[in-house]
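Can you keep this structure in mind? I'll have questions shortly.
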Amino acid sequence: MLEPTRELAAQVETAIHDYARFTNLRAAVLFGGTGYGRQDQALRQGVDILVATPGRLLDQMQRGMVRLNRIEILVLDEADRMLDMGFLPDVRRIVERCPRERQTMLFSATIPPEIEQLCKWALRNAEIVEIGQRRSPAETVTHALYPVANDQKQELLEELLRRTDYDQVLIFCRTKHGADRVARKLHQQGHAVAVLHSNRTQREREQALSGFRSGRYEVMVATDIAARGIDVEQISHVINFDVPHHPEDYVHRIGRTGRAQSVGDAFTIVIAEDLQEIATIERFIGQKIPRVKLEGFAYKYTRLLDEKAQPIAHGGHSGGKRFFGYGGRRRR
């Protein structure tokens, strides 16, 4: 099974161990950012199911630790994310080392032209199984845009958190440095915050994810490394501190909430420079996202506020889902 990130690979391997608990199947996981010792030991013992990121798998193949000539099933997971991360040449090299007679399964939330070409090359007589509509976010998620002046983004984020009755919040930033900066300021405000991006060590990334899943951290600030496949049941809100450059990333980000028919909220903080990206996102998902102003927030003037925006003070919204109130932070 090929996965684009260490976090997904580790998550899948954990699930396999759970599912295979009462079988004799042996599984192992290969990813970078850590030493070869435990991975080599697992490979020497032999495995039935191998979960790997492309780069580390190729490393182990070159070291002579892995041979793919007896592979019966090949799974290419989050193929569009592997495309975004530049892994497709590595994926092709790996596929070429697998037997021609095999079952191949490819999973992808979006199917850009490059992935269609990969499907034609790697799969034969493929059956297409679609769940939900392409480009369509979950119907259980409520969307809102919060226009604000650029120098008030952090202030508005902190006010949103104060007024929101949430379980856990996932905040997305475009850059690693931006994520660190936002997390540091939220920590100073008394929030229990985890940070997830590619500059963190493997140990730091594992601790952040496990702490977020367990509820030790109520807020996680992340780059798009957390937008694909990360499954944390308690996420009630996703906040885009920065608007994503690509509309597909918007769908992936907000897909971290409203999972398995549960309800969720997706808030996006918008500045004037984001208008083109917002228009592209709205065309992509086929719906207009409401513009919302926080009542009582001391806005600086921005031309965005001249557009129609629905003021929100407190209370609920349609569907009985959580929204804003003046009751302060969530009480544990």
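The values are calculated or read from the model by the stated rules, or taken from the named source; none is laboratory data. For clarity, every value in this text was computed on a predicted model and none was experimentally measured. For neighbour counting, all protein chains shown are included, and Cβ atoms are generated from backbone atoms with ideal geometry for every residue, glycine included.
Say we look at region 252-271 and pick out the residues that are crowded, with 22+ Cβ neighbours inside 10 Å and assigned to a helix (DSSP H, G or I); which of these is modelled with the lowest pLDDT?
Across region 252-271, the extreme among qualifying residues is His252.
Looking at (1) within 17 Å of the chain's Cα centre (by Cα); (2) within 26 Å of Glu295 (Cβ to Cβ); (3) modelled with pLDDT of 90 or more, find the lone condition where Arg174 falls short.
Condition not satisfied by Arg174: (2).
Another question about this same structure. Taking region 186-207, which residues are closer than 15 Å to Leu170 by Cα and either touching a helix residue (DSSP H, G or I) at 6+ places or on another chain (Cβ under 8 Å) or among the polar types (S, T, N, Q) (or both)?
Leu186, His191, Val193, Ala194, Val195, Leu196, His197, Arg205
This table checks each residue for (1) within 28 Å of Ala222 (Cα to Cα); (2) crowded, with 19+ Cβ neighbours inside 10 Å; (3) aromatic (Phe, Trp, Tyr).
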| site | (1), (2), (3) |
| --- | --- |
| Leu2 | yes, yes, no |
| Tyr19 | no, no, yes |
| Val29 | yes, yes, no |
| Tyr36 | yes, no, yes |
| Pro54 | yes, yes, no |
| Arg63 | no, no, no |
| Leu68 | no, no, no |
| Leu74 | no, yes, no |
| Ala79 | yes, yes, no |
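Still on this structure, I have one more. Would you check if there is a residue in region 188-206 being closer than 18 Å to Ala266 by Cα, modelled with pLDDT under 90 and not in a loop (DSSP other than H, G, I, E, B)?
Checked against the condition, which is being closer than 18 Å to Ala266 by Cα, modelled with pLDDT under 90 and not in a loop (DSSP other than H, G, I, E, B), region 188-206 yields no hits at all.
Read through the list (1) in contact with a helix residue (DSSP H, G or I) (Cβ under 7 Å, 6 or more places away or on another chain); (2) in the same structural domain as Ile225 (by TED's automatic domain parsing); (3) not in a loop (DSSP other than H, G, I, E, B); (4) not basic (Lys, Arg), then give the number of the only condition that Glu159 fails.
(1) is the only condition that Glu159 fails.
Please work out which residue is surrounded by the most Cβ atoms within 10 Å (Cβ to Cβ), limiting yourself to region 272-293 and to residues that are under 22 Å from the mean Cα position of the chain (by Cα) and assigned to a loop (DSSP other than H, G, I, E, B).
Top of the filtered list is Ile289.
Are there any pairs with C-beta distances below 6 angstrom linking a residue in region 70-86 that is more than 17 Å from Trp121 (Cβ to Cβ) and assigned to a helix (DSSP H, G or I) to a residue that is modelled with pLDDT of 90 or more and among the β-branched types (Val, Ile, Thr), with the two at least 6 apart or on different chains, and if so which?
Filtered contacts from region 70-86: no entries.
Still on this structure: How many residues does region 103-125 contain that are touching an Asp or Glu at 6+ places or on another chain (Cβ under 6 Å) and modelled with pLDDT of 90 or more?
Residues in region 103-125 being touching an Asp or Glu at 6+ places or on another chain (Cβ under 6 Å) and modelled with pLDDT of 90 or more: 1 in total.
Scan region 224-245 residue by residue and report those that are modelled with pLDDT of 85 or more and not acidic (Asp, Glu).
Listed by number, the residues that qualify are Ile235, Ser236, His237, Val238, Ile239, Asn240, Phe241, Val243, Pro244, His245.
Looking at Glu248, Glu204, Glu282, which one is without any contact (Cβ under 8 Å) to a residue 12 or more places away in the chain, assigned by TED's automatic domain parsing to the domain that holds Arg303 and under 22 Å from Glu139 (Cβ atoms)?
The match here is Glu282.
State whether one or more residues within region 113-129 are within 21 Å of the chain's Cα centre (by Cα), more than 17 Å from Met220 (Cβ to Cβ) and free of Cβ contacts under 8 Å to residues at least 12 places away in the same chain.
no
If we keep just the residues of region 131-150 that are of a type in the set (Gly, Ala, Ser) and modelled with pLDDT of 90 or more, which is nearest to Glu248 (Cα to Cα)?
Ala144
Looking at (1) at pLDDT below 90; (2) assigned by TED's automatic domain parsing to the domain that holds Val243; (3) among the β-branched types (Val, Ile, Thr), find the lone condition where Ile128 falls short.
Of the numbered conditions (1) at pLDDT below 90; (2) assigned by TED's automatic domain parsing to the domain that holds Val243; (3) among the β-branched types (Val, Ile, Thr), the odd one out for Ile128 is (2).
Does Lys153 qualify as being over 21 Å from Ile254 (Cα atoms), part of a helix (DSSP H, G or I) and either under 20 Å from the mean Cα position of the chain (by Cα) or charged (D, E, K, R) (or both)?
For Lys153, the condition - over 21 Å from Ile254 (Cα atoms), part of a helix (DSSP H, G or I) and either under 20 Å from the mean Cα position of the chain (by Cα) or charged (D, E, K, R) (or both) - is not met.
May I pose another question? In region 80-104, which residues are more than 21 Å from the chain's Cα centre (by Cα) and within 20 Å of Val129 (Cα to Cα)?
Matches in region 80-104: Arg102, Gln103, Thr104.
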